[in-house]
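Working notes, beginning with the structure itself.
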Amino acid sequence: MTNLQELLDGILDISRLDAGAVSPKVADFAVADLLDRLTTAFAPSAAEKGLRLRVVQSRLYARSDPVLLERILLNLAANALRYTQRGGVLIGCRRRGGRVRIEVWDTGIGIAPEQQQAVFQEFYQAADPRICGQGLGLGLAIAARL
């Protein structure tokens, strides 16, 4: 996909979310299925960059919109891989009380504390010369809206 196509798709997604045109379809689903799809989506790009991708399997079930949750995790994992140069990315989940918490961890350069809220605004990119211009500034904004 070209950068222009990614940009147009991202703007369209933001517009649909802002217009309230996206309605969650909540269902119970196996988290393992979602984790399998994330592995399939990101294993090739992690290997290409020489990074470790570890997706910890789970027998847990979640109640959410599986499509929207997958979209959030795709955006978070894509950013983790984009801004990680050495080491790897870990995706896993754990039970916290009656909830399931899915987390994406990476060994990337991190986000300065003063920019941690701003990176969830559309078209915002951290002013770090090591990463400037690598993304479009829409992935985390979409994840936050979802």
- Item | Net lengthening on full extension, Thr39/Gln115 (0.36 nm per residue, minus Cα-Cα) | 24.5 nm
- Query: Taking H as built 1.01 Å from N, whose amide H comes closer than 5 Å to the amide H of Leu53, not counting residues under 5 places away?
  - Reply: Val89
- Message: How large a share of the accessible area of segment 43-97, in percent, is made up of carbon and sulfur atoms when the probe is 1.4 Å and the other protein chains stay in place?
- Response: 51
- Using a 10 Å cut-off on Cβ atoms, rank the peptides 56-66, 84-94 from the highest mean neighbour count down. 84-94, 56-66
- Classify segment 42-121 as rounded, prolate or oblate, taking a ≥ b ≥ c as the square roots of the eigenvalues of its Cα gyration tensor: rounded when a/c is under 1.5, otherwise prolate if a/b is larger than b/c and oblate if not. oblate
- So if R0 is 35 Å, what FRET efficiency would Gln85 and Arg59 give, r being the distance between their Cβ atoms, rounded to the nearest 0.05? 0.55
- Note on the structure: Neighbours of Arg101 by Cβ distance under 11 Å: Lys/Arg at +1, Asp/Glu at -1, summed charge +3
- Query: What list of ³J(HN,Hα) couplings, whole Hz, do you get for segment 73-83 from phi and the Karplus terms 6.51, -1.76, 1.60, once you set θ to phi - 60° and write x for glycine and proline?
  - Reply: 5, 4, 5, 5, 5, 4, 5, 4, 6, 5, 9
- Under 14 Å, Cβ to Cβ, from Ala43 - net charge with Lys/Arg +1 and Asp/Glu -1: +2
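The values are calculated or read from the model by the stated rules, or taken from the named source; none is laboratory data. Predicted model only: the values in this text are computed from it and were never measured. A quick note on method: Cβ atoms are made from the backbone with ideal geometry, for glycine too, and the neighbour counts reach across all protein chains shown. We work out accessible area using only protein heavy atoms, side chains counted, and drop any ligands, DNA or RNA first. Shrake-Rupley method; radii C 1.70, N 1.55, O 1.52, S 1.80 Å.
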